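First comes the structure, then the notes that go with it.
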Amino acid sequence: SRRREVKNNCDLHFKVSRDRYSGYPLTIEGFAYLWSGARVSYGVSSGRICYEMKINEEISVKHLPSSEPDPHVARIGWSLDSCSTQLGEEDFSYGYGGTGKKSSNCKFEDYGEKFGENDVIGCFIDFESGDEVEMAFSKNGRFLGVAFHVAKAELAGRSLFPHVLVKNCAVEFNFGQQEQPFFPPLENYTFIQHVQLGNRTRGAVGPATRSDCEILMMVGLPASGKTTWAIKYALENPEKKYNILGTNSIMEKMKVMGLRRQRNYAGRWDILIQQATQCLNRLIQIAARKRRNYILDQTNVYGSAQRRKMRPFEGFQRKAVVICPTEEDLKERTKRQTEEEGKDVPDHAVLEMKGRKPKTNRNAPPD
């Protein structure tokens, strides 16, 4: 069977090529700031397994300011199927990046060396070395040593999946489908495509039909708790693999070394926010054409906006989730959000929204 990235298991702005062994991110406008990730269909929990990634192109992004750190970079490794696409930024997600760093759970440490266009990175995972799983990498055939040791007890038998995260780079993979590898693998390692299907684990499969897809539309004032609810609900329902569509999720994909950009951003913050909003609008258009489950994390307090945004998702199971905190809670949340994220929604805008009581049908979303 053919190896490939799962359509349901990559960022909306990651384009899987027709051959299913290569891909690239959107790079127009604000997308050039975003990381874009994909995880492969099948994972493994035994044996000594490997695959290769080659950076085919560092895509031109002349519209980025010269102050942008590392405009071209890739991160490669392994993660659980339940992890987000942000490789190396949470538990059980392990990546080696082109900046010469390894990372897991947002802990970045020096490892190996830098890599970029035309370099080939070999990814090796060893489940046969005692009580620990070892992950190692090579660059252009030269072994870089073990990067990660993970106790088997922590993994509890769960499979790890090949995973890539890129920023303005086009990449291709060799899972064993090529007649000859880019470079010979380590001794006793098997390319993942050559592992019997019975010894691989299938990742989560997306909704089979459009009518199986869900979109939950958040409705509420700024700082009312919509994003908090959306993240919690997505975590509590991992089998749904909800994609959260909102400016907060966009900013999460603009991280530098695992840290969110805040008011100390070198460029103009208002322009970055504007570009994030443009990216979000484009992602919503893409989302309506794909069979996935979504949470639309915006204010959506106006009936006209609700109808306009839901119309492209006709055929989905469409539901509204209204967040109405007390006035005291809203004031506290607004203050906390402003302190932590630097957001400052004008009072007149909030007052106008308050004057628009959400009109939603409990049994059916707006048409």
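Points to keep in mind about this one:
- Single residue of the range 182-211 satisfying the filter (loosely packed, with under 13 Cβ neighbours inside 10 Å and of a type in the set (A, V, I, L, M, F, W, C)) that is farthest from residue 47 (Cα to Cα): 208
- For the criterion of being part of a loop (DSSP other than H, G, I, E, B), in contact (Cβ under 8 Å) with a residue 60 or more places away in the chain and not polar (S, T, N, Q), residue 124 fails.
- Within the range 103-158, the only residue that satisfies the criterion of being touching a Lys or Arg at 6+ places or on another chain (Cβ under 8 Å), polar (S, T, N, Q) and within 21 Å of residue 89 (Cα to Cα) is 103.
- Filtering the range 48-82 to residues that are assigned to a loop (DSSP other than H, G, I, E, B) and buried (at least 18 other Cβ atoms within 10 Å of the Cβ) leaves 59, 71, 72, 80, 81.
- Per the conditions (1) surrounded by fewer than 13 Cβ atoms within 10 Å (Cβ to Cβ); (2) in contact with a strand residue (DSSP E or B) (Cβ under 8 Å, 6 or more places away or on another chain); (3) not polar (S, T, N, Q), the sole criterion not satisfied by residue 179 is (2).
So that you can scan it fast, the table gives a plain yes or no per residue for (1) in contact with a Pro (Cβ under 8 Å, 6 or more places away or on another chain); (2) surrounded by fewer than 17 Cβ atoms within 10 Å (Cβ to Cβ); (3) at pLDDT below 95:
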residue: 235; (1), (2), (3): no, yes, yes
residue: 249; (1), (2), (3): no, no, yes
residue: 260; (1), (2), (3): no, yes, yes
residue: 271; (1), (2), (3): no, yes, yes
residue: 290; (1), (2), (3): no, yes, no
residue: 293; (1), (2), (3): yes, no, no
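- Within the range 59-70, not a single residue is touching a residue at least 24 places away in the same chain (Cβ under 8 Å), in contact with a strand residue (DSSP E or B) (Cβ under 7 Å, 6 or more places away or on another chain) and under 25 Å from residue 190 (Cα atoms).
The values are calculated or read from the model by the stated rules, or taken from the named source; none is laboratory data. A quick note: this is a predicted structure, and the numbers were derived from the prediction, not measured. All Cβ positions, glycine included, derive from the backbone under ideal geometry; neighbour counts span all protein chains shown.
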